1. Restricting attention to the range 52-83, and to residues there that are at pLDDT below 70 and under 30 Å from residue 24 (Cβ atoms), which single residue is surrounded by the fewest Cβ atoms within 10 Å (Cβ to Cβ)?
2. Can you name the residue in the range 33-51 that is more than 12 Å from the chain's Cα centre (by Cα) and farther than 17 Å from residue 6 by Cα and is also surrounded by the most Cβ atoms within 10 Å (Cβ to Cβ) among such residues?
3. Search the range 2-32 for residues being over 20 Å from residue 62 (Cβ atoms) and in contact with a helix residue (DSSP H, G or I) (Cβ under 7 Å, 6 or more places away or on another chain), and hand back the single one that is surrounded by the most Cβ atoms within 10 Å (Cβ to Cβ).
4. Any idea how many residues of the range 9-30 are closer than 20 Å to residue 64 by Cα and free of Cβ contacts under 8 Å to residues at least 40 places away in the same chain?
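The values are calculated or read from the model by the stated rules, or taken from the named source; none is laboratory data. Treat the numbers as computed from the prediction; the structure is a model and nothing was measured. Backbone-built Cβ (ideal geometry, glycine too); neighbour counts: all protein chains shown.
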């Protein structure tokens, strides 16, 4: 599978969820397996995935992590590549 940026991956997921009701339902009920299957990546068990569905009267705003120093454990996670918990907007999948 081709390497894509986080923005491209998110757009791909949004597009598929909009056009495929079964995928949308799976994404809401089991986001880890839906994302893994669609993007061809394994999401580490220590990473929690939340899927939020906006409505006309409810808006979700996602803030980036606070600018904090990484712990030794977090540094270990990113030493070989992208850590899911610390993905930036330009992270590649």
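1. Checking each candidate, the answer is 81.
2. 46
3. Selected residue: 26.
4. Residues meeting the conditions: 4.
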